[in-house]
Amino acid sequence: MRIIRKAIAVLGFIALGMAVAPPVAAQAATAQPAAALAAWDCPSGNLCVWDGTGGTGARCLWSDADPDWRSGITCSWSLNWPVRSAYNRGTSSAYRGVTIYQGANYVTAQHYIAQGVKSSDVYYYARSHRWQ
């Protein structure tokens, strides 16, 4: 009788463990890979920058000026990686282009991009930008 009770208790713990932890295959099936963006994929009205040439790689985008890419809307890779391509898809008639700066708070202009222009194969570290 004791052996049967122990066997039932052990089976109960095994069943409980199976109910609590789903099979590994079920966990893996829920993870979805991030969809790759098409080259130069930049929503209208935004400035987009990439860490790869030709509008490829990791992208950051803004619809407004940003005095510091490391706070607010963050471009996380810009701390360690240079901007390699940019696209000014701004649409406001109040601005002709956007200037990208090396430092926070619009210090040391690096690159000016006119509205509607794509800049590929550039190489500069950036931290802020503003529409002009």
Being under 16 Å from the mean Cα position of the chain (by Cα), modelled with pLDDT under 95 and aromatic (F, W, Y) is the requirement here; does W62 meet it? no
Selection within region 86-112 - part of a strand (DSSP E or B) and in contact (Cβ under 8 Å) with a residue 40 or more places away in the chain: Y87, N88, V98, I100
So, in region 55-64, of the ones that are part of a strand (DSSP E or B) and free of Cβ contacts under 8 Å to residues at least 24 places away in the same chain, which residue ends up surrounded by the fewest Cβ atoms within 10 Å (Cβ to Cβ)? L61
What single numbered condition from (1) in contact with a Cys (Cβ under 8 Å, 6 or more places away or on another chain); (2) at pLDDT 95 or above fails to hold for R84? (1)
Test each condition in (1) among the charged types (D, E, K, R); (2) within 18 Å of G45 (Cα to Cα); (3) within 15 Å of the chain's Cα centre (by Cα) for R70 and report the one that comes out false. (2)
Among residues belonging to region 87-102 that are over 18 Å from the mean Cα position of the chain (by Cα), within 20 Å of G45 (Cα to Cα) and among the polar types (S, T, N, Q), point out the one that is modelled with the highest pLDDT. T99
In region 110-132, anything in contact with a Phe, Trp or Tyr (Cβ under 8 Å, 6 or more places away or on another chain), among the hydrophobic types (A, V, I, L, M, F, W, C) and surrounded by fewer than 15 Cβ atoms within 10 Å (Cβ to Cβ) is listed as V117
Kindly check whether there is at least one residue in region 65-81 that is modelled with pLDDT of 95 or more, in contact with a Lys or Arg (Cβ under 7 Å, 6 or more places away or on another chain) and in a strand (DSSP E or B). no
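The values are calculated or read from the model by the stated rules, or taken from the named source; none is laboratory data. Since the model is a prediction, treat every value here as computed from it, not as a measurement. Cβ coordinates were reconstructed from backbone atoms using ideal geometry, including for glycine residues, and neighbour counts include every protein chain displayed.
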